[in-house]
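Chemist: Below are the structure tokens for one structure; questions will follow.
The values are calculated or read from the model by the stated rules, or taken from the named source; none is laboratory data. Quantities reported herein were computed from a predicted structural model and do not represent experimental measurements. Positions of Cβ are generated from backbone atoms using ideal geometry, with glycine treated the same way; all protein chains shown enter the neighbour counts.
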Amino acid sequence: MPLSMAGLSSSPFMRTPLRAGLALALALALSACATLDPDGQQGEKTAPVLPTAPQTSGFDTPSSAEHKRLVSQFGGEYRAPGAETLLNQVLAKLAAAEDTPTKAYRVTILNTPVVNAFALPSGNLYITRGLLALANDTAEVAAVMAHEISHVTARHASQRAERERTEALKSRVATAIQSRTRGEEVQADGRLSLASFSRQQELEADQIGVRTIARAGFDPYGGSRFLASLGRSTSMRASLLGGKPREETPDILSTHPSTPERITRAISVARQFGAPGIGETGREAWLKAIEGIDFGDDPAEGVVRGRRFAHPKLGFAFEAPERFILENSAKALLGLADGGAEALRLDSVALPAGTTLETYLTAGWIEGLKQSSIETRTINGLQAALATARSGDWSFRVATIRFGTDAYRLIFATRNLTPAVDRRFIDAIETFRRLPTDEIGRIKPLRLAIVTARATDTIESLASRMALAEHQLENFLLLNGLEKTSAIATGRQYKIVIE
């Protein structure tokens, strides 16, 4: 299994039917028969290999099969020749600087806005385009690559697997010889031990990575800078979704150490090589390499623009109620508002021939459905059936909309379904519509642009050029590793997002 540098990928969806009375996270979990994947088939399945994934003839080797699976899971391979060339140049320098010569690595850029990177023992190194956008110079991305390679050279995956087998054996022995309670206690202790072991591996990989990039001639402080940006990205996402950053609510079983701890240790190692200002940052070369890459959602899987969601390949659009923050994936569109007090999910299922929407609503995929609340109507020329449900502390406004051979499911959850709240949900449901051809043609991915600051520019003026519906200033600061109090330097290059 790959070892991640604490990427921001979403948790995997539950593979169970939707149940309205469970906790909200479960209520919004993806059903095994629901998808927004335009190439997917209904039911339990593995993700299809995208056309851009490398193809082989005959039987796949384990390493090639794993490569295909990962490329497919992360949206396919993304082509960025300038970035690929620079990344391979960095790899060559890192290989020459390693303590022990290793096999040659090759880089694959993954087509996802998620910030992540990982390496496999086979020699495959993966970096997402989301990470490319977050990094601000070559030294930062060199630190990420060195970190991931060090996981492989230090055999962290095999060490962790062996520790997991040992802890599982101890738990089974304790249960068999003593009692179930004792077995559970041993199992809990084992989880704590594994978590501590994994955190130590991350710190070790950070330190090896800093030493490697320093010997390769890069700025050894690049690792701490990237970790700072990663921590800010995590905090910003948590804030938008109504939660607290992980550093404020530490999880003792977390795989990774807190970001402040990692930054502190990375700086400590970097100081062994000198004060800040040593080594190559490669800022201009990095910005040139990533200029023009796609930013955010891939239109092939639908795009979020503020509260609006459009899926040009499937041909529909939808607008969430005010205050909702949307997050898209190939499987479902999820949304939260008011810190999780309200939530939504949009997905689709294949509707069996001859099945009415009213019949499908009562098919048992949502608990607590009030059959007396079922009503049919036409929404923007599409057949629809609406109902409400109640289970536990949660109330639901549910809609199914016939779109071709599929039924699109819109589920809104709230603890208090007042008439006013219900009206907001119904108004949002009524925005579901078919996209006309000319509108589909206008949906393009956002891109990164590199601009040179003029003497009259300020943080606010540059942020105002960001082609984002919301949070322009916050995203500009995050993308460029700046604070609100930072000064814009005339002649210096900065990243912005354009259409």
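Chemist: Only one of (1) in a loop (DSSP other than H, G, I, E, B); (2) within 18 Å of the chain's Cα centre (by Cα) is not met by K313, so which one is it?
Modeler: Here K313 meets the rest and fails (2).
Chemist: Would a scan of the range 273-282 turn up a residue that is modelled with pLDDT of 95 or more and in a strand (DSSP E or B)?
Modeler: Yes, some residue in the range 273-282 is modelled with pLDDT of 95 or more and in a strand (DSSP E or B).
Chemist: Further question: So, G364, is that one farther than 30 Å from Q472 by Cβ and modelled with pLDDT under 95 or not?
Modeler: Working: farther than 30 Å from Q472 by Cβ: yes; modelled with pLDDT under 95: yes.
Yes, satisfied.
Chemist: Given the conditions (1) assigned to a strand (DSSP E or B); (2) surrounded by fewer than 21 Cβ atoms within 10 Å (Cβ to Cβ); (3) of a type outside the set (V, I, T), report the number of the one that P321 does not fulfil.
Modeler: Of the numbered conditions (1) assigned to a strand (DSSP E or B); (2) surrounded by fewer than 21 Cβ atoms within 10 Å (Cβ to Cβ); (3) of a type outside the set (V, I, T), the odd one out for P321 is (1).
Chemist: So which residues in the range 326-379 are of a type in the set (D, E) and crowded, with 17+ Cβ neighbours inside 10 Å? Talk me through it step by step, then tell me what you get.
Modeler: Within the range 326-379, the subset of a type in the set (D, E) is 327, 338, 342, 347, 358, 367, 375.
Matches in the range 326-379: E342, D347, E367.
Chemist: Please go through the range 308-326 and pick out each residue that is in contact (Cβ under 8 Å) with a residue 40 or more places away in the chain and either in contact with a Pro (Cβ under 7 Å, 6 or more places away or on another chain) or closer than 25 Å to G404 by Cβ (or both).
Modeler: R308, A310, H311, P312, K313, L314, G315, F316, A317, F318, E319, A320, listed by residue number.
Chemist: Another question, if that's okay. Go through (1) in the same structural domain as T356 (by TED's automatic domain parsing); (2) closer than 30 Å to A289 by Cα for A453 and report which single condition fails.
Modeler: Here A453 clears every test but (1).
Chemist: Filter the range 74-98 down to the residues that are β-branched (V, I, T) and either within 24 Å of the chain's Cα centre (by Cα) or surrounded by fewer than 18 Cβ atoms within 10 Å (Cβ to Cβ) (or both) and list them by number.
Modeler: Within the range 74-98, T85 is the sole residue that qualifies.
Chemist: Please specify each residue of the range 438-467 satisfying the condition of being of a type in the set (A, V, I, L, M), surrounded by 16 or more Cβ atoms within 10 Å (Cβ to Cβ) and free of Cβ contacts under 8 Å to residues at least 40 places away in the same chain.
Modeler: I459, L462, A463, M466
Chemist: So, one more: Considering only the range 66-122, state which residues are touching a His at 6+ places or on another chain (Cβ under 9 Å), hydrophobic (A, V, I, L, M, F, W, C) and more than 20 Å from A139 (Cα to Cα).
Modeler: Applying the first criterion (touching a His at 6+ places or on another chain (Cβ under 9 Å)) to the range 66-122 yields 108, 117-120, 122.
Next cut, hydrophobic (A, V, I, L, M, F, W, C) only: 117-120.
The one that is touching a His at 6+ places or on another chain (Cβ under 9 Å), hydrophobic (A, V, I, L, M, F, W, C) and more than 20 Å from A139 (Cα to Cα): L120.
Chemist: May I ask you to say which residue of G335, G340 is without any contact (Cβ under 8 Å) to a residue 60 or more places away in the chain and within 23 Å of the chain's Cα centre (by Cα)?
Modeler: G335
Chemist: Output the qualifying pairs, or none if there are none: Cβ atoms under 8 angstrom, residues six or more apart or on different chains, first residue in the range 344-370 and over 18 Å from T405 (Cβ atoms), second residue assigned to a loop (DSSP other than H, G, I, E, B) and among the aromatic types (F, W, Y).
Modeler: Listed pairs, sorted by first residue: L344/F324.
Chemist: Please work out if S258 is at pLDDT 75 or above and of a type in the set (S, T, Y).
Modeler: Numbers: at pLDDT 75 or above: no; of a type in the set (S, T, Y): yes.
Against the criterion (at pLDDT 75 or above and of a type in the set (S, T, Y)), S258 does not qualify.
Chemist: Quick test of your reading of the structure: E84 fulfils all but one of (1) over 17 Å from I290 (Cα atoms); (2) of a type outside the set (V, I, T); (3) at pLDDT 95 or above. Name the failing condition by number.
Modeler: Unmet for E84, out of (1) over 17 Å from I290 (Cα atoms); (2) of a type outside the set (V, I, T); (3) at pLDDT 95 or above: (1).
Chemist: OK, next. Can you name every one of the helices (runs of 4 or more DSSP H) wholly within the range 95-202 that holds 1 or more residues which are modelled with pLDDT of 85 or more?
Modeler: Per the criteria, 129-134, 138-153.
Chemist: Here is a follow-up. Being part of a loop (DSSP other than H, G, I, E, B) and of a type in the set (D, E, K, R) is the filter; apply it to the range 288-309 and report the residue that is nearest to V497 (Cα to Cα).
Modeler: Checked the range 288-309; the qualifying residue nearest to V497 (Cα to Cα) is E291.
Chemist: While we're looking at this one, here's another question. Give just the number: which of (1) at pLDDT 95 or above; (2) assigned to a loop (DSSP other than H, G, I, E, B); (3) not assigned by TED's automatic domain parsing to the domain that holds L334 does A469 not satisfy?
Modeler: (1)
Chemist: Answer with yes or no whether R283 is closer than 30 Å to S224 by Cβ, basic (K, R), surrounded by 15 or more Cβ atoms within 10 Å (Cβ to Cβ) and touching a residue at least 12 places away in the same chain (Cβ under 8 Å).
Modeler: Yes.
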